[in-house]
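Student: Provided herewith is a single structure, encoded as structure tokens, for subsequent inquiry.
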Amino acid sequence: MDKTLKTWWKESVIYQIYPRSFMDSDGDGIGDIQGIISKLDYLKKLGIDIIWISPIFDSPNDDNGYDVRDYCAIMEEFGTMSDFDEMLKQAHKKGLKIILDLVPNHSSDEHRWFQESKKSKDNPYRDYYIWKPPVNGGPPNDWISFFEGSAWTFDESTQEYYLHLFTKKQPDLNWENPSLRQEMYEVIRFWLDKGVDGFRMDVITLISKDLSFPNFPKNFNGNHHIEYANGPKIHDFLREMHDEVLKEYDVLTVGEALGISPADGPLYSGHDRKELSSVYHFDILQIDRSSKGFYHKKGWGLPELKMIFRRWDKAMGERGWNSVMLGNHDFPRMVSRFGNDKTHRLESSKMLHTLLATQRGTPYIYQGDEIGMTNVAFESIHDYDDVWIKNTHAKIVQEGGNEMEFLRLVHELSRDNARTPMQWDDSFYGGFTKGIPWIKSNPNHTEINVKAALNDGNSIIHFLIQMLKIRKENQALIYGSYQDIDPENEMVFSYVRTLEEQKVLVVLNFTAKKIEYKIPKPFGSLDKKLLIGNYFDLEKEVNTLQLRAYESRVYYLMNKVIS
Ligand code: TEU
């Protein structure tokens, strides 16, 4: 490989913190910055390198911080700017980097800009947002919000509609306006000058709009994110952002890339493009959802999952850079969705962590996945907090739909599955708070918690620490090319990573069944050394493996044929 393409952030592992649910230091039931500081040593011990913190900016919390009121102030519930400075300093001292979650597509309707913007049509800030006159007495087009209802809200005082692709408290910013863009670059500069190590950029693919604001096409299949994403000026805006500010800093920028295809990936993250470092796509995150929407399931199989990994690797290869994740604060728990949280929580969690650590791309560990936290099933819809759940529920009630069925879908599919408090120990609320948490804890904290995991040599945490060490020690797992060696197999995922003379073979049983697995030629006949597996009692096996439920093995392949 081209050595000039090596960077620190390709070699790093990212840990995502959802600050509201991570650790509460002052007993108000809401996680905070001092809480994060108290856990930095723990994070260091895991072997992660970069912490991505979901938004910590001043916000009225209509969408838990993804509705920013002031981009350069800290949310009061989370602490102060001096808490932030202390967190950054301490993290850096321990060799950990921090990236913030910038929300450039929309602000809160309580942001000073929007307050001004809605005052009058000739206000200097009017054009910071997207305002349109009514069409035939109704909204300008048929666009719908991700969180239910029209994407347009009528403002009585100026008699125009404003666009919000998310809630009506999240008006979309108008990136066509050069002053708005400069303000956003100043925000970026403000944080980079403080020393932050980069940004995750929220729905960055949506910032450029089709200025003709067309209705959905006739054959619209419900995938509105594809209609909204990748607007005509997206790459101009990103390049300008890079030239105006990012290029002066050695930072990681990762775009949340809703609605893009593999072919678009390298346009955003190509090393020669001067836009972003990396992106994360939704093809895996939404593999179980139909185009009808977030609460509509579709079946999927292992060959489809493999195909997505293959396609994205092929498109990005060395040219762009992938982000590898199986969950975050917007999706159910990794083990409940891709593994088995009933009978094989430990084994399947370890197997999934193996997948994350051995694909080509920067791995992301979502808080709590290091102990195999699971989905939750609250009894009442009123125990849930997510604005998406609330809006969908309100619509179902209004339309006289099936509320029980919706609650069942929420148990399985909702975002709040990933937002219950971090489970630190077996005490009240999992040791997350001394007060009452903002959202109920998962009752299984008595059994699944960090304290218990650290005390158990066979836990997911200890496996993960080992796995991440092995990733660091084997450059093939970072920079090596990727070859899926058994694409059609419906039960076993096996692939080889190759870097010059180094070859690493990964074999993952995605089922609870015992499988006799013949490693495809020519890899089966190479002598191999086991680097890590999620079962202890490994037999010396040759080219046919007896895989147990959710078994994972990572082998170093020798250049010596044994059979
Ligand atoms: O997510 C984008 C987004 O649309 C997700 O909410 C959603 O999970 C996806 O559409 C699945 O279909 C980002 C943030 O991560 C999310 O938390 C915010 O709510 C959203 O943007 C708005 O800022």
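Student: Within the set of other residues whose C-beta is less than 9 Å from the C-beta of residue 161, count the net charge using Lys and Arg as +1 and Asp and Glu as -1.
Tutor: -1
Student: Once the other residues with Cβ under 15 Å from the Cβ of residue 129 are scored (Lys, Arg +1; Asp, Glu -1), what is the net sum?
Tutor: Working: positive: 69, 112, 118, 119, 121, 126, 132, 168, 169, 181, 209; negative: 67, 109, 110, 116, 122, 127, 155, 160, 172, 176, 183.
Net charge in that neighbourhood comes out at 0.
Student: Give me, ordered by chain and number, the residues 5 or more places off residue 74 or on other chains with an amide H under 5 Å from its own placed amide H.
Tutor: The list, which skips near neighbours in sequence, is 58, 81.
Student: What is the gain in length, in nm to one decimal, between residue 397 and residue 38 on full extension, counting 0.36 nm per residue of separation less the C-alpha to C-alpha distance?
Tutor: Length gained between residue 397 and residue 38: 124.9 nm.
Student: Among DSSP beta bridges whose residues both lie in the chain, state the antiparallel percentage, nearest 5.
Tutor: 65 percent
Student: What FRET efficiency comes out for the pair residue 28/residue 562, r = Cβ-Cβ distance, R0 = 56 Å, nearest 0.05?
Tutor: Given R0 = 56 Å and the Cβ-Cβ separation, E is 0.35.
Student: Can you show me the helix-derived [θ] at 222 nm for the chain, built from DSSP H runs with n ≥ 4 at -39,500 (n - 2.57) apiece and divided by the number of residues, rounded to the nearest 500.
Tutor: After summing the helix terms and dividing by the residues of the chain, the value is -7500 deg cm²/dmol.
Student: Only Lys, Arg, Asp and Glu count, each charged at its Cβ (+1, +1, -1, -1), so figure out the dipole size of segment 323-427 about its Cα centre, rounded to 20 debye.
Tutor: Charge dipole of segment 323-427: 440 debye, to the nearest 20.
Student: If Lys and Arg each add +1 and Asp and Glu each add -1, what is the summed charge of the other residues whose beta carbon sits under 12 Å from the beta carbon of residue 336?
Tutor: So the environment of residue 336 carries a net charge of 0.
Student: Rounded to the nearest 20 debye, what is the charge dipole size of segment 481-561 about its Cα centre when +1 sits on each Lys and Arg Cβ and -1 on each Asp and Glu Cβ?
Tutor: That gives segment 481-561 a dipole magnitude of about 180 debye.
Student: Accessible area per residue, 1.4 Å probe, Å², for segment 112-163: what's the number?
Tutor: Heavy-atom accessible area per residue stands at 49 Å².
Student: Please name whichever of 556, 366, 100 sits farthest to the positive end of the charge dipole of the chain, dipole taken about the Cα centre and charges placed at Cβ: Lys and Arg +1, Asp and Glu -1.
Tutor: After comparing all options, I get 556.
Student: Give me the percent of the accessible area of segment 112-163 that comes from carbon and sulfur atoms, probe 1.4 Å, all protein chains in place.
Tutor: Carbon with sulfur: 50 percent of the solvent-accessible area.
Student: Note down the accessible area of residue 162, probe 1.4 Å, to the nearest 10 Å².
Tutor: Solvent-accessible area, nearest 10 Å²: 20 Å².
Student: Quick one: go through segment 353-374 and flag any residue whose amide nitrogen is under 20 Å from the point 7 Å out along the Cα-to-Cβ line of residue 454.
Tutor: 365-374
Student: Right, something else. Mind jotting down the distance between the C-alpha centroids of segment 20-47 and segment 337-375, whole Å?
Tutor: That distance is 21 Å.
Student: Between residue 530 and residue 183, what is the label-point separation in nm under the 7 Å Cα-to-beta-carbon projection?
Tutor: With each label point 7 Å from Cα toward Cβ, the separation is 6.0 nm.
Student: Tell me the carbon and sulfur percent of the accessible area for segment 190-321, rounded to whole percent, probe radius 1.4 Å.
Tutor: 49 percent
Student: Could you compute Rg(Cα) / (2.2 N^0.38 Å) for segment 308-453, with N its residue count?
Tutor: Compared with the compact-globule rule of thumb, segment 308-453 sits at 1.18.
Student: Taking the inverse of the average 1/r across all pairs of different Cα atoms in segment 1-137, what Kirkwood radius in Å do you get?
Tutor: On the way: mean 1/r = 0.0583 Å⁻¹.
About 17.1 Å for segment 1-137.
Student: Order 240-247, 38-45, 199-206 from most to least packed using the mean count of other Cβ atoms within 10 Å.
Tutor: 199-206, 240-247, 38-45
Student: State, as an integer percentage, the relative contact order of segment 473-563 based on alpha-carbon contacts under 8 Å between residues 6 or more apart.
Tutor: Worked out over segment 473-563, it gives 29 percent.
Student: Right, something else. Quick one: plug the Kirkwood hydrodynamic radius of segment 481-561 (C-alpha pairs) into Stokes-Einstein at 20 °C, 1.002 mPa s, and report D in µm²/s. Please report the intermediate quantities before stating the final value.
Tutor: Values: Rh = 12.7 Å.
D, rounded to a whole number, is 169 µm²/s.
Student: In addition: For residue 247, project a label point 7 Å along Cα to C-beta. Then give me every residue of segment 267-283 with its amide nitrogen under 18 Å of that point.
Tutor: Output list for this probe position: 268-278.
Student: Checking the table 10/292; 3/314; 45/89; 350/451 against a 25 Å threshold on Cα-Cα, which pairs fail?
Tutor: Cα-Cα > 25 Å for 10/292; rest within.
Student: While we're here: Of the accessible area of segment 412-531, with the probe set at 1.4 angstrom, what percent is carbon plus sulfur?
Tutor: About 52 percent, which is the carbon plus sulfur part of the accessible surface.
Student: Could you work out the equivalent-ellipsoid semi-axes for segment 190-321, taking the square root of 5 times each eigenvalue of the Cα gyration tensor, largest first, in whole Å? Kindly include the intermediate steps, with their values, before the conclusion.
Tutor: Values: eigenvalues 153, 74, 35 Å².
Square roots of five times the eigenvalues give 28, 19, 13 Å.
Student: Something else: Which shape class applies to segment 122-175: rounded if a/c is under 1.5, otherwise prolate when a/b exceeds b/c and oblate if not, where a ≥ b ≥ c are the square roots of the Cα gyration tensor eigenvalues?
Tutor: oblate
Student: Now, a different point. Placing one identical point scatterer on every Cα of the chain and ignoring solvent, what is log10 I(q)/I(0) from the Debye formula at q = 0.06, 0.07, 0.11 Å⁻¹?
Tutor: Computed log10 I(q)/I(0) values: -0.30, -0.41, -1.04.
Student: Okay, moving on. Just need the relative contact order of the chain here, percent rounded to a whole number, with Cα pairs under 8 Å and 6+ apart.
Tutor: 13 percent
Student: Using amide H atoms built in the peptide plane, which far-off residues or other-chain residues are under 5 Å from residue 545 H to H?
Tutor: 517, 518, 519
Student: Label points 7 Å out from Cα along the Cβ direction at residue 383 and residue 466: separation in nm?
Tutor: A separation of 3.5 nm, rounded to one decimal place.
Student: Expressed as a rounded percentage, what relative contact order does segment 112-163 have, with Cα pairs under 8 Å and six or more residues apart? Intermediate values should be presented prior to the final figure.
Tutor: Working: 78 pairs, mean separation 16.8, N = 52.
RCO, segment 112-163: 32 percent.
Student: Another question, then. At R0 = 41 Å, how high is the FRET efficiency between residue 390 and residue 490 if r is their beta carbon distance? Nearest 0.05 is fine. Each step should come with its number before you reach the end.
Tutor: Numbers: r = 38 Å, r/R0 = 0.94.
My answer for the efficiency is 0.60.
Student: How big is the gap, in Å, between the Cα center of segment 139-180 and the Cα center of segment 194-236?
Tutor: A separation of 14 Å, based on Cα centres.
Student: Same structure, new question: Tell me the per residue accessible area of segment 1-102 using a 1.4 Å probe; a whole number in Å² is fine.
Tutor: Each residue of segment 1-102 exposes 33 Å² on average to a 1.4 Å probe.
Student: Among 78-85, 352-359, how do they line up from the highest to the lowest mean number of other beta-carbon atoms within 10 Å?
Tutor: My ranking of the peptides, most packed first, is 352-359, 78-85.
Student: Sticking with this one: Please compute the per residue accessible area over segment 262-417 with all protein chains in place, 1.4 Å probe, rounded to a whole number of Å².
Tutor: 34 Å²
The values are calculated or read from the model by the stated rules, or taken from the named source; none is laboratory data. Not measured: the values here are computed from a predicted model. When we count neighbours, we look across all protein chains shown, and the Cβ atoms used for this are built from the backbone with ideal geometry, even at glycine. Note: areas computed on protein heavy atoms with side chains; ligands, DNA, RNA excluded. Shrake-Rupley method; radii C 1.70, N 1.55, O 1.52, S 1.80 Å.
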